[in-house]
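Trainee: Mind having a look at this structure? Questions to follow.
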């Protein structure tokens with residue numbers, strides 16, 4: 001290589017080095033300063049791609065920026081991915097995200113690890129929140145999330161079917177009873193058996209449907225049976241699995257028996273499968289989350305607009321009605337460089353006005369007691385139908401009085417996985433109820449001992 | 001000009017200057033220096049994480065507990081080898097790998113034979129065959145989930161229209177794994193087809209012609225000429241598919257999530273469950289190392305077998 005070529009090469013390498021160093025320095029600066037171009041604060045948030053996440057992304061975050069100048073980037077990420085991101089980012093004490101949409105059963109897990117900012121002082125009007133919604137956002141006496149939406153499981157029934165005189169007469173003739181909304185598990189089973197296989201409005205009916213897929217769906221449905229039968233899946237301090245008690249066995253036997261009256265492919269049923277069946281009018285009843293009524297009232301996707309009604313989960317043998325509770329909360333990362341601003345945004349999202357606004361836009365059921373009597377919601381009617389758009393709210397409010405969360409301890413996800421496998425085996429007839437529950441006890445106790 | 005370059009190079013190559021023993025060292029050093037960024041990059045993104053996961057596999061470490069990792073010796077490996085879920089996932093994975101790769105190879109070979117002499121419209125057909133391979137496995141999983149749904153899925157609707165009963169392909173314990181194998185075969189047969197077709201088209205025409213003149217039938221030509229000559233392309237294709245099949249995760253995630261019961265719980269799915277649902281990172285690391293060991297064993301035995309035969 002000639003001298004001049006060598007010089008050129010050195011110059012090029014030098015220039016490349018300078019550019020690389022500058023790029024590294026600039027990227028470092030950018031990462032360290034959570035501010036937008038105009039020097040104002042920028043927050044990064046992850047929400048679920050459900051309606052309540054979309055409302056935040058499309059309406060509330062832009063409005064907050066207009067009001068305060070604080071920009072909030074909202075990413076919509078699936079449930080499993082949120083859980084993974086939180087654990088890995090927290091382990092690395094990463095400050096990339098300030099706010100997370102959290103399934104309440106992760107509160108003990110991340111609360112125990114000390115990864116979430118306590119929000120007790122930030123939330124001034126706690127008395128307006130549904131007490132249970134706050135309870136499941138609290139770990140170790142610290143409020144670690146602002147409730148965003150609640151979904152207790154409710155019993156759905158096709159009102160058109162229950163009002164049909166021919167069906168009523170048939171029911172009277174076959175069972176000797178008057179067809180009415182079921183109040184007990186026994187009444188419900190009788191009705192499910194009656195409806196199963198009948199044809200209504202050209203659709204062959206299945207008695208009921210609910211989430212039953214392995215993963216979490218079957219556990220969530222099973223819990224409404226378990227709680228209503230008085231079953232407590234774990235002992236008080238979550239150190240021992242207690243699935244083989246008479247209450248748990250009774251609940252599982254009933255759940256397993258009722259699985260026979262679900263549609264074909266029920267063992268694979270997710271929330272969407274139940275919604276589709278309800279929209280098509282191919283089921284008579286269902287156990288489904290309360291807010292799902294929006295989908296069945298959507299005229300572009302549903303043949304049953306205004307038909308579906310709700311009531312609380314039927315009572316078990318001891319007269320208890322207790323639904324499984326689903327709820328999402330908004331939490332602030334301890335590693336955020338802007339915890340104060342992030343906390344302000346989380347609290348603002350659940351102001352009285354925004355709680356109602358989220359519900360109006362399909363963002364799940366409200367978390368504030370006052371929202372349940374807000375005329376904006378209670379007086380809304382379905383277009384061209386006349387049915388109340390939020391007719392489920394009184395039932396949701398009632399269900400929230402006795403609903404129970406999933407076992408509220410840090411190992412809940414692992415517990416759910418172990419139980420789900422055995423419930424799947426029971427519902428498919430691979431194992432008997434007693435054997436399946438004993439195996440679940442064993443697997444859960446092994447996990448707990450670790 | 002040419003002469004001067006030749007003159008300047010020849011002495012350096014043939015007669016290293018005497019009395020300077022380390023004269024070639026700087027040149028070697030220069031090479032290593034030139035390679036070092038690449039080597040460092042490789043070490044950072046591949047070697048370090050691999051070794052780190054090995055270290056982690058000898059610890060007790062739950063990512064969400066907030067507690068520090070502590071040394072646990074071989075506890076994770078002992079726990080794994082006595083864990084029924086582990087052995088179930090090994091069985092499921094081996095069945096999946098064996099049948100999916102075998103069926104893909106047979107189908108790909110048949111298709112390649114059909115195409116290598118040319119067919120009317122073969123370009124269009126080849127493009128059509130390639131399409132599944134171009135889809136992301138997540139998309140394939142989602143398509144399969146919707147298509148195979150018992151009530152509204154197109155497959156069951158077609159089956160009902162010809163009088164066959166509704167079938168729960170993904171919800172039946174006995175059918176779920178074969179269904180996943182069928183999905184994998186649908187997606188990845190084109191990959192082996194592509195490799196085998198290219199290899200067949202490169203075969204010497206004289207060999208085939210000579211065999212024909214000798215009166216050999218097509219089955220004999222295929223058995224005695226094609227298969228031996230295609231041994232190495234087949235080996236490469238099968239190895240790539242074998243490694244990929246062992247890692248199957250996407251379609252399990254999108255279709256059965258390891259169920260029904262644990263009929264489709266492959267090793268990768270179990271590793272995901274342990275690592276990213278329970279966040280038991282150390283147990284998941286040990287699990288991954290055992291999977292790696294299994295893949296290495298399978299690949300190694302296949303290579304040895306093929307080389308020994310040749």
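Trainee: Residues of B:258-268, mean number of Cβ from any other protein chain within 10 Å of their own Cβ, rounded to a whole number?
Mentor: Mean shielding count: 5.
Trainee: Considering Cα pairs under 8 angstrom that are at least six residues apart, work out the relative contact order of chain A and quote it in whole percent.
Mentor: Value for chain A: 23 percent.
Trainee: Something else now. Please list the radius of gyration and Dmax for the protein assembly as shown, considering alpha-carbon atoms only, with Å as the unit.
Mentor: Both quantities, over Cα of the protein assembly as shown: 31.7, 115 Å.
Trainee: Take peptides A:286-292, B:45-51 and line them up by average Cβ neighbours within 10 Å, highest first, as a rough protection proxy.
Mentor: Descending packing order for the listed peptides: A:286-292, B:45-51.
Trainee: Also, quick follow-up: With the Cα gyration tensor of chain A giving a ≥ b ≥ c as the square roots of its eigenvalues, does the rule (a/c under 1.5 for rounded; else a/b larger than b/c for prolate; else oblate) give rounded, prolate or oblate?
Mentor: Prolate, because a/c is 1.5 or more and a/b exceeds b/c.
Trainee: Averaged across A:412-419, how many Cβ atoms of other chains sit within 10 Å of each residue's Cβ atom? Mind dumping the intermediate values first?
Mentor: Numbers: counts 0, 6, 7, 1, 1, 7, 2, 0.
Whole-number average of other-chain Cβ neighbours for A:412-419 is 3.
Trainee: Another question about this same structure. So if we plug the beta-carbon distance of residue B:249 and residue B:122 into 1/(1 + (r/R0)^6) with R0 = 45 Å, what FRET efficiency do we get, rounded to 0.05?
Mentor: 0.85
Trainee: Please give the contour-minus-distance gain from residue A:450 to residue A:73: 0.36 nm per residue of separation, less the Cα-Cα distance, rounded to one decimal in nm.
Mentor: Numbers: separation 377, 0.36 × 377 = 135.72 nm, distance 3.89 nm.
The span from residue A:450 to residue A:73 would gain 131.8 nm if fully extended.
Trainee: Between residue A:141 and residue B:161, what is the label-point separation in nm under the 7 Å Cα-to-beta-carbon projection?
Mentor: Calculated label separation equals 6.7 nm.
Trainee: For the peptides A:96-109, B:28-41, what is the packing order when you average, over each peptide's residues, the other Cβ atoms within 10 Å and list the highest mean first?
Mentor: Those peptides, ordered most packed to least, come out A:96-109, B:28-41.
Trainee: Now for a different question. Cα gyration tensor of segment B:75-309, axes a ≥ b ≥ c as square roots of the eigenvalues: rounded (a/c below 1.5), prolate (a/b > b/c) or oblate?
Mentor: Details: a/c = 2.63, a/b = 1.41, b/c = 1.86.
Cα axes put segment B:75-309 in the oblate bin.
Trainee: Considering chain B as a Gaussian network with a 10 Å cut-off on Cα pairs, which listed residue, B:254, B:131, B:59, attains the greatest mean-square fluctuation?
Mentor: B:131
Trainee: Also, quick follow-up: What relative contact order, as a whole-number percentage, does segment B:75-309 give when Cα pairs under 8 Å and 6 or more residues apart are counted?
Mentor: Relative contact order comes out at 30 percent.
Trainee: Hey, another quick one. Using label points projected 7 Å from each Cα along Cα→Cβ, tell me how many nm separate residue B:55 and residue B:222, to one decimal.
Mentor: Taking the two extended label points, one gets 5.4 nm.
Trainee: Report, as an integer, the average count of C-beta atoms from other chains found within 10 Å of each Cβ along A:420-431.
Mentor: Counting Cβ atoms of other protein chains within 10 Å of each residue's Cβ and averaging gives 4.
Trainee: Please identify, among A:122, A:284, A:440, the residue showing maximal mean-square fluctuation in a Gaussian network model of chain A using a 10 angstrom Cα cutoff.
Mentor: It is A:122.
Trainee: Cβ neighbours within 10 Å, averaged per peptide: list B:139-145, A:234-240 in order, most packed at the top. Kindly include the intermediate steps, with their values, before the conclusion.
Mentor: Details: B:139-145: 19.0, A:234-240: 12.6.
Output ranking for B:139-145, A:234-240: B:139-145, A:234-240.
Trainee: Pull out the extension gain between residue B:299 and residue B:79, defined as 0.36 nm times the separation in residues minus the alpha carbon to alpha carbon distance; nm, one decimal.
Mentor: Value of the extension gain: 76.6 nm.
Trainee: Treat the count of other C-beta atoms within 10 Å as a stand-in for reagent exposure and order A:206, B:211, A:351 from fewest to most.
Mentor: In order of increasing Cβ crowding within 10 Å: A:351, B:211, A:206.
Trainee: While we're looking at this one, here's another question. Under a GNM of chain A (C-alpha, springs under 10 Å), which listed residue has the highest mean-square fluctuation: A:358, A:172, A:293?
Mentor: A:172
Trainee: Just to confirm my numbers, what's the Cα centroid distance between segment B:233-307 and segment B:161-190 in Å?
Mentor: Comparing the Cα centres of segment B:233-307 and segment B:161-190, I get a distance of 21 Å.
Trainee: Please arrange A:283, A:249 by how many other C-beta atoms lie within 10 Å of their C-beta, fewest to most.
Mentor: A:249, A:283
Trainee: Let me ask something else about it. With a ≥ b ≥ c taken as the square roots of the eigenvalues of the C-alpha gyration tensor of segment A:308-365, please select rounded if a/c is under 1.5 and otherwise prolate if a/b is larger than b/c or oblate if it is not?
Mentor: oblate
Trainee: Measure off 7 Å from each Cα along the Cα-to-Cβ vector at residue B:29 and residue A:122, then give the distance between these two points in nanometres to one decimal.
Mentor: Here the modelled spin labels are 5.8 nm apart.
Trainee: Cα centroid distance between segment A:71-108 and segment B:80-112, in Å?
Mentor: With segment A:71-108 and segment B:80-112 each reduced to a Cα centre, they are spaced 35 Å.
Trainee: For chain A, take the longest principal axis of its alpha carbons; what is the angle in degrees between that and the long axis of helix A:79-91, to the nearest 10 within 0 to 90?
Mentor: With rounding to tens, the tilt is 40 degrees.
Trainee: Between helix A:339-349 and chain A, what is the angle of the helix's C-alpha long axis to the longest principal axis, kept within 0 to 90° and rounded to the nearest 10?
Mentor: On a 0 to 90 degree scale, this one is about 40.
FYI, it's all coordinate maths here, none of it is from the lab. This one's a predicted model, so the numbers in the text were calculated from it and none came from an experiment. Ideal geometry is used to build each Cβ from the backbone, glycine not excepted, and the neighbour counts take in all protein chains shown.
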